[in-house]
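The values are calculated or read from the model by the stated rules, or taken from the named source; none is laboratory data. What you see is a predicted model; the values in this text were computed from it and never measured. Glycine gets a Cβ as well: all are built from the backbone with ideal geometry, and neighbour counts include every protein chain shown.
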Amino acid sequence: MGLPDEDGFTLLGKIRLIDTAKLTPVFFLTGRDNVQDKVNAFSMGADDYLVKPFNPRELEARVEAKMLKLLAQPVQGDSFVCGNFRVAPGLQKVEILADETGHLTPERNMNLTSIEFRLLFYFLKNENKNLPRKEILKVVWGESLPGTDRTVDTHVYTLRQKLGSLARCVKSVPKVGYRFSQKDVSRAKKTG
């Protein structure tokens, strides 16, 4: 709440002006235990409010719970464009806008299953990050569903099939999992 440049309420207001669909979770981590501060934070759109000192495991559990809710019940609202894709979270719909060469194409609905949508949405939200299979399994399928690394690999395979020429966006990271990067495709365009 007491940031060097501005207070947490001002920053939260700026975030919510930009992120009207509330896709960006905001957590207050503060030493201020005032009930009015908590009420103000939640009324402005905060997702959670933790008072210091807190256990890091509790914070981790709260963040994971929020991410699972975001992925399991996509936010209603306008679609957004992310590179070659237009994503409509409320409809669980993804359209391909451009091919691997960067040329605009007639919009093509990918006809994704619910799991494939959550997987691609998770990749898009974590673009250019190495994502371990266990983390993907936990976030996309949830902790209640037992699964293995092979479950993730099988669904990544079917997602790649539906991505067609953009399948190169999904890179295997040996001994880790996967990395989603549209930069790799644009680099391939320039060199190939």
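Please find, within the range 119-130, the residue that is nearest to Asp153 (Cα to Cα) out of those that are of a type outside the set (Phe, Trp, Tyr) and surrounded by 19 or more Cβ atoms within 10 Å (Cβ to Cβ). This residue is Leu119.
Consider the range 20-46 and keep the residues that are under 24 Å from Val81 (Cβ atoms) and surrounded by 14 or more Cβ atoms within 10 Å (Cβ to Cβ). The one that is modelled with the highest pLDDT is Val26. Tell me whether the range 47-64 contains one or more residues that are farther than 27 Å from Phe180 by Cα, aliphatic (A, V, I, L, M) and either assigned to a loop (DSSP other than H, G, I, E, B) or at pLDDT 90 or above (or both). Yes, the conditions are met somewhere in the range 47-64. The combined condition, being under 23 Å from Lys183 (Cα atoms), of a type in the set (Val, Ile, Thr), part of a strand (DSSP E or B) and at pLDDT 85 or above, is fulfilled by Val87.
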